[in-house]
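Reviewing the structure listed below.
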Amino acid sequence: MAHPVLNEDWSEYDNRKIIGYQDRSQFSCTESWEVNYLVNKLRKHFPYKTDTAIRMAIAACCNSTNPPHARVDFVECVVRRLNC
């Protein structure tokens with residue numbers, strides 16, 4: 001079952017990707033706005049984690065697989081690391 005963060009409204013993210021002619025199903029680790037967006041999404045679900053801890057989990061997932069990063073799989077990777 002998908003983490004609740006994946007069931008939230010991602011329309012702001014999707015729209016920005018579409019405007020930039022990018023695939024909205026892919027997460028880009030090199031785009032700071034995407035990383036910031038994900039940090040903000042995850043902060044609600046992991047209020048006890050610092051932004052630094054969330055960013056470290058994102059960076060670890062960025063480094064563990066080659067791009068492109070499927071958004072669903074990528075978010076699940078980050079959530080797994082935050083749950084450790």
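The values are calculated or read from the model by the stated rules, or taken from the named source; none is laboratory data. Predicted model, so just to flag it, every value in this text is computed and none were measured. Backbone-built Cβ (ideal geometry, glycine too); neighbour counts: all protein chains shown.
Only residues that are in a helix (DSSP H, G or I) and among the basic types (Lys, Arg): list them for the stretch 1-41, please.
ARG16, LYS17, LYS41
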I'd like to know if the stretch 23-34 contains one or more residues that are in contact (Cβ under 8 Å) with a residue 24 or more places away in the chain, closer than 16 Å to ASN83 by Cβ, in contact with a helix residue (DSSP H, G or I) (Cβ under 9 Å, 6 or more places away or on another chain) and surrounded by fewer than 16 Cβ atoms within 10 Å (Cβ to Cβ). no
Spot the failing condition for ILE54; the list is (1) surrounded by fewer than 17 Cβ atoms within 10 Å (Cβ to Cβ); (2) of a type outside the set (Lys, Arg); (3) within 16 Å of HIS3 (Cβ to Cβ), and only one is missed. (1)
Assuming ALA2 fulfils every condition listed in (1) within 22 Å of ASN83 (Cα to Cα); (2) more than 11 Å from the chain's Cα centre (by Cα); (3) modelled with pLDDT of 95 or more apart from one, which condition is it? (3)
Being in contact with an Asp or Glu (Cβ under 6 Å, 6 or more places away or on another chain), in a loop (DSSP other than H, G, I, E, B) and among the basic types (Lys, Arg), is that true of even one residue in the stretch 42-54? no
